[in-house]
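What follows is a set of notes on a single structure, which appears directly below.
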Amino acid sequence: MLKRAFVVLCLLSGFAAAQTTAIHCGTLLDVKSGQLQHNVYLIVEGEKISAIPAAVPGTVPLIDLPNETCLPGLIDTHTHVLLQGDITAEGYDVQLLKWSLPYRTILGTRSAHRALEYGFTTIRDLETEGAMYADTDIKKAINEGVIPGPRMQVATRALDVTGAYPLQGYAPEVPVPHGTQTVDGPDEARKAVREQISHGADWIKVYSDRSYFVRPDGVLDDIPTFTLDELRAIVDEAHREHHKVASHAAALNGVHNSVEAGVDSIEHGMYIAPEDLKTMAARGIYYVPTLYVGEYVAEGRAKAGAKVWVDMINIHADTFRRAQAAGVKIAFGTDAGGFDWKIDPAMEFPLMVKYGMKPIDAIRAATVNAADLLGWSDRVGSIEAGKYADVVAVPGDPLNDISVLEKVNFVMKGGQVYKRP
Ligand SMILES: [Zn+2]
């Protein structure tokens, strides 16, 4: 009896807390149809959109955005909230060697807050770069309302093999931390997948290649990290536990092995062979191109002696064009954290358009497609009754000028307003 009374009370207080508000969008971009609609009203009840009526009663509190274009909260499917930019190896090493995990987590909460203010109401955070499971804590603090931030799916520690991932180059007798969990052999890999999932990983992230070089025929070659057996064990174990695998694969062999092993997304993909693009399209493997970060780090890395990063810009743009032509599914991702969080990750949009994508498709990559990659099509990625009230607005028409997405001036996540004009 007591139990039942408690349940009833909770339900009642739940209803009491579910406030109703309305948003008036001067313009609304329906990302599914690609159409701009004018003077649209959204009814927000609690954390969801409950209706999109022709008009609203005057008694409902109204958020009036007459000059704005509303669109669904943006989704960045490749971030690192626990990384604060790493143009050079030194910049990366300092974060792992000199910053404590608590300090990195404090900075991570700031990154998450910034992501939300830029209009990214959902992110897939693809590994902590040595900060262990701190991403699961940031996610928890956001979900419990302790700190502001986007909805998160997290990958925790990521996997790589011995000798492949920074920190490298220290004296053998000096133990140093690494940005990933090191595994060798299918059994160790399988165990690490189990461990990461048990500690809260939504995704398993693998680093499938390293050491890039441009061949005389223009193909970006690499050293694959895992053997195919190791990669297959990781994918099999993750899928067996109903989790997906994201593969950092920038070049020829890394991408090929990842596709063969059956990963769910190819991250970066600066070079992808035509045959692998075909397989990706046929199997529905997502491509998350992260164009902006390559251009951002290129100059600094070239100055440090790695000119290949400059050559990779054109190779990457060409791959992005070929992927579109091949009908590969593309999701928006930026590698934010790989560049400074003071920079709006929406800088990615103009590059996608520059390299041949229609503005509406770039926006779809960051909304409906990204939601599909995350398995969250039922809750985010479009403005529809029944979905979370994750709504952003920009002062202009993003179909006409995509860079207006760098000027998000209204952010609502789960019915709560975090920014308004
Ligand atoms: Zn990354």
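With A346, A362 as the choices, which residue is among the small types (G, A, S), under 21 Å from R151 (Cα atoms), at pLDDT 95 or above and in contact with a Ser or Thr (Cβ under 9 Å, 6 or more places away or on another chain)? Please lay out each step first, then the result.
Details: A362 fails: in contact with a Ser or Thr (Cβ under 9 Å, 6 or more places away or on another chain).
Among A346, A362, only A346 is among the small types (G, A, S), under 21 Å from R151 (Cα atoms), at pLDDT 95 or above and in contact with a Ser or Thr (Cβ under 9 Å, 6 or more places away or on another chain).
Restricting to the range 119-133, count the residues that are among the aromatic types (F, W, Y) and within 16 Å of the ligand (Cβ to nearest atom).
Start the filter on the range 119-133 by keeping residues that are among the aromatic types (F, W, Y), which leaves 120, 133.
Now drop any that are not within 16 Å of the ligand (Cβ to nearest atom), which leaves 120.
Matching residues across the range 119-133 total 1.
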ask   = Hey, R301 hits all of (1) in contact with a Pro (Cβ under 8 Å, 6 or more places away or on another chain); (2) basic (K, R); (3) within 16 Å of the ligand (Cβ to nearest atom) but one; which does it fall short on?
value = (1)
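Residue-by-condition table, conditions (1) touching a helix residue (DSSP H, G or I) at 6+ places or on another chain (Cβ under 9 Å); (2) over 30 Å from A306 (Cα atoms); (3) among the small types (G, A, S):
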{"site": "H24", "(1), (2), (3)": "no, yes, no"}
{"site": "D30", "(1), (2), (3)": "no, yes, no"}
{"site": "Q35", "(1), (2), (3)": "no, yes, no"}
{"site": "L42", "(1), (2), (3)": "no, yes, no"}
{"site": "D86", "(1), (2), (3)": "yes, no, no"}
{"site": "D93", "(1), (2), (3)": "no, no, no"}
{"site": "Y118", "(1), (2), (3)": "yes, yes, no"}
{"site": "R124", "(1), (2), (3)": "yes, no, no"}
{"site": "A131", "(1), (2), (3)": "yes, no, yes"}
remark   = Residues of the range 201-218 being of a type outside the set (G, A, S), farther than 30 Å from D236 by Cβ and in a loop (DSSP other than H, G, I, E, B), in sequence order, are R215, P216, D217
task = Would you mention how many residues in the range 194-226 are more than 16 Å from the ligand (Cβ to nearest atom) and among the hydrophobic types (A, V, I, L, M, F, W, C)?
result = 7
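Here's the yes/no breakdown for (1) in contact (Cβ under 8 Å) with a residue 24 or more places away in the chain; (2) of a type in the set (A, V, I, L, M); (3) touching a Ser or Thr at 6+ places or on another chain (Cβ under 8 Å); (4) under 30 Å from G396 (Cβ atoms):
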site: A54; (1), (2), (3), (4): no, yes, no, yes
site: T59; (1), (2), (3), (4): no, no, no, no
site: H80; (1), (2), (3), (4): yes, no, yes, yes
site: Q84; (1), (2), (3), (4): yes, no, yes, no
site: E90; (1), (2), (3), (4): no, no, no, no
site: V94; (1), (2), (3), (4): no, yes, no, no
site: K98; (1), (2), (3), (4): no, no, no, no
site: A112; (1), (2), (3), (4): yes, yes, no, yes
site: E117; (1), (2), (3), (4): yes, no, no, yes
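Within the range 49-80, count every residue that is closer than 24 Å to G34 by Cβ and more than 16 Å from the ligand (Cβ to nearest atom). Walk me through how you get there before you give the answer.
Going through the range 49-80, the residues closer than 24 Å to G34 by Cβ turn out to be 49, 51-54, 65-77.
After this cut, where a residue has to be more than 16 Å from the ligand (Cβ to nearest atom) as well, the list is 49, 51-54, 65-74.
The qualifying residues number 15.
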key: Matching residues, the range 148-162, being more than 16 Å from the ligand (Cβ to nearest atom) and surrounded by 16 or more Cβ atoms within 10 Å (Cβ to Cβ)   = P148, G149, P150, R151, V161
note = I123 vs (1) surrounded by fewer than 22 Cβ atoms within 10 Å (Cβ to Cβ); (2) in contact with a strand residue (DSSP E or B) (Cβ under 7 Å, 6 or more places away or on another chain): all pass except (1)
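Filter the strands (runs of 3 or more DSSP E) completely within the range 227-295 down to those with at least 3 residues that are modelled with pLDDT of 95 or more, away from the ligand (no atom under 16 Å from the Cβ) and buried (at least 24 other Cβ atoms within 10 Å of the Cβ). Give the steps one after another, and end with the answer.
On the way: elements: 244-249, 265-268, 286-288.
Once the strands (runs of 3 or more DSSP E) in the range 227-295 are filtered for at least 3 residues that are modelled with pLDDT of 95 or more, away from the ligand (no atom under 16 Å from the Cβ) and buried (at least 24 other Cβ atoms within 10 Å of the Cβ), nothing remains.
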remark   = Counting only residues that are β-branched (V, I, T) and in a loop (DSSP other than H, G, I, E, B), the range 136-174 contains a total of 6
ask   = If you scan the range 345-376, which residues turn out to be among the hydrophobic types (A, V, I, L, M, F, W, C) and without any contact (Cβ under 8 Å) to a residue 60 or more places away in the chain?
value = M347, F349, V353, M357, A362, A365
key: Qualifying position, being hydroxyl-bearing (S, T, Y), surrounded by fewer than 15 Cβ atoms within 10 Å (Cβ to Cβ) and at pLDDT 95 or above, among Y165, Y103   = Y103
Candidates Y292, Y296 - the one that is of a type in the set (F, W, Y) and closer than 22 Å to A325 by Cα = Y292
inquiry  = I'd like the full set of residues that are more than 10 Å from L291 (Cβ to Cβ), surrounded by fewer than 21 Cβ atoms within 10 Å (Cβ to Cβ) and aromatic (F, W, Y), limited to the range 329-376.
reply    = W376
key: Of all residues making up the range 296-327, the number that are part of a loop (DSSP other than H, G, I, E, B) and either of a type outside the set (A, V, I, L, M, F, W, C) or over 24 Å from L374 (Cα atoms) (or both)   = 5
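The values are calculated or read from the model by the stated rules, or taken from the named source; none is laboratory data. Nothing here was measured: the structure is a model prediction, and the numbers come from that model. Reconstructed Cβ throughout: ideal geometry from the backbone, glycine too, with neighbour counts over all protein chains shown.
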